[in-house]
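Chemist: Got a structure for you, written out below as structure tokens; questions coming shortly.
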Amino acid sequence: MKINISSNKQPATDRLSVGQNKRAMTDAYQASNTPSSSQVDLSTTARQLQNLQSSEHDLNIEKIQSIKDAIASGKLEIDTSRIADSLIASARELLK
């Protein structure tokens, strides 16, 4: 009895060309579906954070100068009870 094995497999050279064709088709598809320009839409929170990073929000120059002038002239008044109340309120918030 003779066993005949029929092979439906493609030769290695054909498989290689099929693989190359698939790759070429994939590359062509990706190239045609890639946008030419990119856009990013920031959320409201992201825009607020971006605005806070600008240097204009770093220091209040006028307030700093008025404090310097008050110190220099001896007219700076410090409300210690207000500072203490703020520290207590801050500590309460942290303990929640």
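Chemist: Just to check I understand the Karplus step: with θ = phi - 60° and J = 6.51 cos²θ - 1.76 cosθ + 1.60, what whole-Hz values come out for segment 64-77, glycine and proline as x?
Modeler: 4, 5, 5, 5, 4, 5, 5, 5, 4, 8, x, 9, 6, 10
Chemist: As an exercise, use a Förster radius of 41 Å and the Cβ-Cβ distance of ASP58 and ARG23 to find the FRET efficiency, rounded to the nearest 0.05.
Modeler: Numbers: r = 53 Å, r/R0 = 1.28.
The calculated FRET efficiency here is 0.20.
No lab work stands behind these numbers, since they all come straight from the coordinates. Please read these numbers as outputs of a predicted model, since none were measured by experiment. Because the Cβ atoms are built from the backbone with ideal geometry, glycine has one as well, and the counts that use them run over all protein chains shown.
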